[in-house]
1. Restrict the check to the range 283-303 and report whether at least one residue is part of a helix (DSSP H, G or I) and within 14 Å of the chain's Cα centre (by Cα).
2. Taking interchain pairs and intrachain pairs at least six residues apart, which have beta carbon atoms under 7 angstrom, with the first residue in the range 25-44 and farther than 19 Å from I249 by Cα and the second at pLDDT below 95 and in a strand (DSSP E or B)?
3. Being surrounded by fewer than 23 Cβ atoms within 10 Å (Cβ to Cβ) and either assigned to a helix (DSSP H, G or I) or among the polar types (S, T, N, Q) (or both) is the filter here; which residues of the range 223-250 pass it?
4. Taking the range 399-458 on its own, how many of its residues are assigned to a helix (DSSP H, G or I), free of Cβ contacts under 8 Å to residues at least 24 places away in the same chain and aliphatic (A, V, I, L, M)?
5. May I ask you to list the residues in the range 296-330 that are in contact (Cβ under 8 Å) with a residue 60 or more places away in the chain, out of contact with any strand residue (DSSP E or B) (no Cβ under 6 Å at 6 or more places or on another chain) and over 25 Å from C175 (Cβ atoms)?
6. Go through the range 381-395 and report how many residues are farther than 19 Å from E409 by Cβ and at pLDDT below 90.
7. Can you find even one residue in the range 235-250 that is in contact with a Lys or Arg (Cβ under 7 Å, 6 or more places away or on another chain) and either over 30 Å from K95 (Cβ atoms) or at pLDDT below 85 (or both)?
8. Just a yes or no: is a residue in the range 28-51 under 20 Å from T15 (Cβ atoms), more than 25 Å from the chain's Cα centre (by Cα) and hydroxyl-bearing (S, T, Y)?
Amino acid sequence: MPGLGTTFGRGGATTALPDLTNADAILIMGSNMAENHPVGFQWVMEAKEHGTKLIHVDPRFSRTSAVSDIWAPLRAGSDLMFLGGLVNYVLNNGKEFREYVVNYTNASLIISEDFKDTEDLDGLFSGWDAERRIYDPQSWAYANCCPQPDGEEHFAHGGHGKESGRLTVPNLTSCEHDDTLQHPRCVYQILKRHFARYTPEMVERACGTPKELFLKIAETFCCASGPEKTGSICYAVGWTQHSNGVQIIRTAAILQLLLGNIGRPGGGIMALRGHASIQGSTDIPTLYDILPGYLPMPRFGFDAHDLSAYLKKHRDKTGWWWNIDKYIVSLLKAYYGEAATIENDFGFNWLPRVTGDHSHQGYWLDMLDSKMDGLFIMGQNPAVAGPNSGLERRALGKLKWLVVREMVETESASFWYESPEVQSGELKPEDIGTEIFLMPAAGHAELDTAGPRISAYAATHRALDLGPIDAAERPGAVLAELHDRGVDRQPLLGLDRAVHRLPMPRMPAPGRRARSHRERR
């Protein structure tokens with residue numbers, strides 16, 4: 001989650017589920033936790049038995065709402081306005097934990113005179129590049145900090161990990177600051193001006209939540225936070241899957257920092273994930289822009305020259321990320337064992353490099369433009385689950401080959417003969433040159449596995465005894481086999497490996513469709 005990565009340096013939950021029992025209030029939004037995370041919800045119920053106030057804000061009245069002390073309805077998609085109202089309530093009524101805010105956040109730091117807020121630029125922040133449609137964050141920098149420029153552009157497309165989208169790593173020890181929080185350009189005052197628009201009346205108008213009910217929630221959550229109390233926020237994909245999900249989660253992080261609810265028992269932000277494919281995307285990880293431990297992937301041409309250049313780019317002068325050298329070296333040693341030595345930068349140059357925007361939307365647009373030859377799909381069904389499924393089905397038709405590893409035939413495997421585009425005549429099977437390989441895969445219950453859990457730890461799972469059935473491999477096994485056969489022309493770790501390439505795919509005969517492994521059996 002870039003909203004958490006930008007704020008805290010890592011895009012994962014800041015707390016663990018059992019710690020919810022230490023909270024004085026729990027705010028659940030974007031989640032029906034009682035039904036969708038029932039095992040974790042036991043800690044919420046235990047907290048309630050100790051007197052914790054439970055607040056649920058959701059368009060629907062669900063089982064989570066039924067056991068909550070307060071339920072508030074809101075219009076779907078208006079979560080950002082509701083949280084903005086809470087931030088404004090804190091700032092306008094002096095509800096922030098002032099000692100915490102001054103000492104443990106950047107609220108006292110002064111921003112450059114070049115920064116302009118949305119009121120000054122008709123809805124845009126300073127630094128907007130209309131032609132490239134991205135922000136240059138240089139004007140957002142702290143005043144009189146000593147950056148580490150090297151003439152190259154350093155902008156993070158992802159931001160789930162330590163990388164936070166900044167051009168350079170600032171030296172916070174030399175930044176201007178005002179501990180009274182009165183300077184007009186300190187972060188605190190900029191926040192106060194920016195969130196002033198989110199009045200209780202605006203919340204009622206935009207969210208549909210009655211003003212009195214909103215104020216009750218605001219006061220309840222704020223009174224459960226401070227020097228002697230803490231509150232926690234729990235959310236799920238009801239936030240992350242919105243087009244403004246990053247901003248929603250970022251606003252929740254701002255709220256928790258103002259109230260002093262980060263890094264203390266019972267506080268924090270609980271990202272309710274837990275599924276191996278979602279939690280694992282950041283913890284393992286499978287995301288393109290981070291390494292295990294939320295370390296940033298080296299970017300080609302920016303920080304990829306050697307290990308020292310990487311550390312210069314990403315090592316903070318203050319905070320825990322001063323220790324990034326220990327984490328990256330530990331990871332490289334785990335990867336390469338005895339082959340990782342100080343003389344070869346512990347194998348840093350063996351890591352792949354990020355060469356562009358390889359995010360989900362990024363590579364599907366490349367696919368649509370015929371810039372990709374093939375794709376492996378495992379544990380995902382983008383033909384119906386993507387943000388623009390029609391675009392993604394059309395993009396699949398531009399591939400030369402497609403490998404789908406699944407227990408059943410999914411829409412991603414059958415798009416070429418059975419999809420809305422085929423039914424409408426927009427796509428014709430005989431015009432699609434994509435060869436689809438539908439291969440069987442085992443479910444998690446069939447294998448001895450170890451996977452990530454919601455509190456960012458790994459847990460093992462023993463396979464069920466299903467009797468004498470045809471066993472299938474785990475979904476990622478084919479990639480490991482391709483790696484072992486040597487898909488790279490270069491020797492790997494000094495071991496010569498032969499190069500094996502898949503034969504060029506042939507177009508399937510018109511009218512034929514890919515068969516599931518159960519049909520083939």
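1. Yes; the residues of the range 283-303 include at least one that is part of a helix (DSSP H, G or I) and within 14 Å of the chain's Cα centre (by Cα).
2. none
3. Matches in the range 223-250: C223, V237, G238, T240, Q241, S243, N244, G245, V246, Q247, R250.
4. Of the residues in that region, 2 qualify.
5. G301
6. The first filter runs over the range 381-395 and keeps only residues farther than 19 Å from E409 by Cβ, leaving 387-388, 390-391, 394-395.
Of the ones still in play, those that are also at pLDDT below 90 are 387-388.
The qualifying residues number 2.
7. Filtering the range 235-250 for residues in contact with a Lys or Arg (Cβ under 7 Å, 6 or more places away or on another chain) gives none.
There is no residue in the range 235-250 that is in contact with a Lys or Arg (Cβ under 7 Å, 6 or more places away or on another chain) and either over 30 Å from K95 (Cβ atoms) or at pLDDT below 85 (or both).
8. No, because not a single residue in the range 28-51 is under 20 Å from T15 (Cβ atoms), more than 25 Å from the chain's Cα centre (by Cα) and hydroxyl-bearing (S, T, Y).
The values are calculated or read from the model by the stated rules, or taken from the named source; none is laboratory data. Just so you know, these numbers come straight off a predicted model, no measurement behind them. Positions of Cβ are backbone-derived with ideal geometry, glycine not excepted, and every protein chain shown enters the neighbour counts.
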